[in-house]
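**Q** Input: one structure, supplied below.
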Amino acid sequence: MKQIELIGSYWTLAGDVHPHSKAEYSPFKFEDRVQAAARAGFKGFALKEADLEHILKRLSLKDIRHILEDNGIRHVELEFLTDWFRDGEEKRHSDRLKHF
């Protein structure tokens, strides 16, 4: 039988954080969330751009990769890019995130 590898969505793994709130990053340490996801059987882990920005204040991309690999996380998803189709300031903000 084929093994299905599930990705834990950002909103599933982030904890007490809500869309369109003041801070859309998780109040929990990245390492703890990755370990919890791995213990629950997830092989994928999703981040939101605001969460990634917050994590990068403390960890490098290399650190993040090692934490994911050390916990058997094989798939990473970045949720989600908005306003890519807009004009003006909304488009500029979206482009900044896209090239982050």
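**Q** Mind checking whether some residue in segment 68-80 is open to solvent by 30 Å² or more (accessible area, probe 1.4 Å), part of a helix (DSSP H, G or I) and closer than 30 Å to Q3 by Cα?
**A** Yes.
**Q** Looking only at segment 6-62, how many residues end up being among the hydrophobic types (A, V, I, L, M, F, W, C), in contact with an Asp or Glu (Cβ under 6 Å, 6 or more places away or on another chain) and either assigned to a strand (DSSP E or B) or modelled with pLDDT of 95 or more (or both)?
**A** Here the count works out to 2.
**Q** While we're looking at this one, here's another question. Inside segment 37-52, can you point out the residues that are within 12 Å of W11 (Cβ to Cβ) and of a type outside the set (A, V, I, L, M, F, W, C)?
**A** Scanning segment 37-52 gives K48, D51.
**Q** Right, another one. Taking segment 48-80 only, how many residues are over 12 Å from E24 (Cβ atoms) and either among the aromatic types (F, W, Y) or out of contact with any helix residue (DSSP H, G or I) (no Cβ under 7 Å at 6 or more places or on another chain) (or both)?
**A** The total comes to 14.
**Q** Can you give me the number of residues within segment 28-67 that are open to solvent by less than 20 Å² (accessible area, probe 1.4 Å), among the β-branched types (V, I, T) and over 20 Å from H99 (Cα atoms)?
**A** Final tally of qualifying residues: 1.
The values are calculated or read from the model by the stated rules, or taken from the named source; none is laboratory data. Not measured: the values here are computed from a predicted model. No Cβ is skipped: glycine too gets one built from the backbone with ideal geometry, and neighbour counts run over all protein chains shown. The protein model used for the area step is the full one, side chains on, heavy atoms only, and it has no ligands, DNA or RNA in it. Shrake-Rupley method; radii C 1.70, N 1.55, O 1.52, S 1.80 Å.
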